[in-house]
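*Asks:* The structure's right below; bear with me while I get my questions together.
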């Protein structure tokens, strides 16, 4: 892969500033003041937090706004293959990933303003978000929280058009706490007094109570999934319902029943932010939405060519027990429609509950190949990961790489063409897209 100018700038920053998280708003606030407070000059912001579904909600929100003819900036994290994926700048006909020269110049400017003081690379890159989004015209900005909410570097936006809290569950316990109500309180930290709030589908009643109580305390106009809006399947269509009535829409292009709730949260968020979304625009959005490495079907590429003939290959970067459940449910739906033996090729990092993730696939997956995660220093060794899968009741074996797993499967397979899920980590999913030759665009 060619080293781009922005990559060189970021690599230099990483030699100056340690990796890891250091949750605080002091450093980013100081830096932004030196840059002239660009976070105060953004178009209306849809600010999205949550454990699972943030990226899908951002993708649906972008699809809805662009289908309605609006110019939209989008910030998401982490990236899969290239840092540039984090910044999609508004353009006629649909947003485009930031140009390398523009990106590199913004990074250099922010780093210079920081004057070598202690800061995290994510904070510098968040300041880059505000520089880019304030200096390029748009009618809306969708900004995904990086980690948590209250002390996340994106949480310097004083008056978001809407704050969105997607499903909350246990993840990043070392930084956010080991109880779902504590994590919910951290996510609720992006709510601002009097600003609209959308609460997406919550698995935990405790989390939901914390989110609603916080919104009420801050006098936020609030809509809650299951109370004020919802979505469900009927006659092979998705029906969205809120106080304005029903919208009968095509099934979202992103597969899995969990995407109904993600799409619904996005529709509610865009409306709460003050944008009108007509029925025709919503139909286009459901048909056109794209979000790489979230139940993404791989149909071509270098790795795909190594799989057993006729195999169906899915890629998903979900990496915690909650994500495991929704991915397994989506694959169970596929199994009902078109039965095939399910094989997992998994790589995970050591901050995640690996056994909890694998347990969702018990009784569904026939076998697991565990492989190293090449893009992260925190990757779980493949032999250790195989033990975690075995602990969860699955048949598992370690192999050296994704390519090796696919070739081993191809050479030993005897039976109907399998369904293959490659996943367990966004870092791993990014490595797959890079090696396959199909990076996000």
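*Asks:* Suppose only helical runs count, i.e. DSSP H with n ≥ 4. What mean residue ellipticity at 222 nm does that imply for the chain under -39500 (n - 2.57) per run, divided by all residues and rounded to the nearest 500 deg cm²/dmol?
*Replies:* Here the helix-only value at 222 nm equals -12000 deg cm²/dmol.
*Asks:* What three numbers, in Å, describe the spread of the alpha carbons of the chain along their principal axes, ordered from the longest?
*Replies:* Principal-axis extents of the chain (Cα, largest first): 62, 54, 43 Å.
*Asks:* Using 0.36 nm per residue of separation minus the Cα-Cα distance, give me the extension gain between residue 309 and residue 279 in nm, one decimal.
*Replies:* Values: separation 30, 0.36 × 30 = 10.80 nm, distance 4.08 nm.
Stretched fully, the residue 309-residue 279 segment lengthens by 6.7 nm.
*Asks:* Take the Cβ-Cβ distance between residue 234 and residue 37 as r, set R0 to 51 Å, and report the resulting FRET efficiency rounded to the nearest 0.05.
*Replies:* 0.60
*Asks:* Label-point separation (nm) for residue 203 and residue 336, each offset 7 Å from Cα along Cα-to-Cβ?
*Replies:* So the two model labels end up 1.9 nm from each other.
*Asks:* Which order, highest average first, do 237-250, 381-394, 36-49 follow once you tally other Cβ atoms within 10 Å for each residue and take the mean per peptide?
*Replies:* 36-49, 381-394, 237-250
*Asks:* Additional query: Out of every Cα pair in segment 285-441, what percent are spaced more than 21 Å from each other? Could the numbers behind the result be given before it?
*Replies:* Values: 4724 of 12246 pairs.
Pairs farther apart than 21 Å: 39 percent.
Each value in this text was obtained by applying a stated rule to the coordinates, not by laboratory testing. For clarity, every value in this text was computed on a predicted model and none was experimentally measured. Here Cβ is always computed from backbone atoms with ideal geometry, including for glycine, and neighbour counts include all displayed protein chains.
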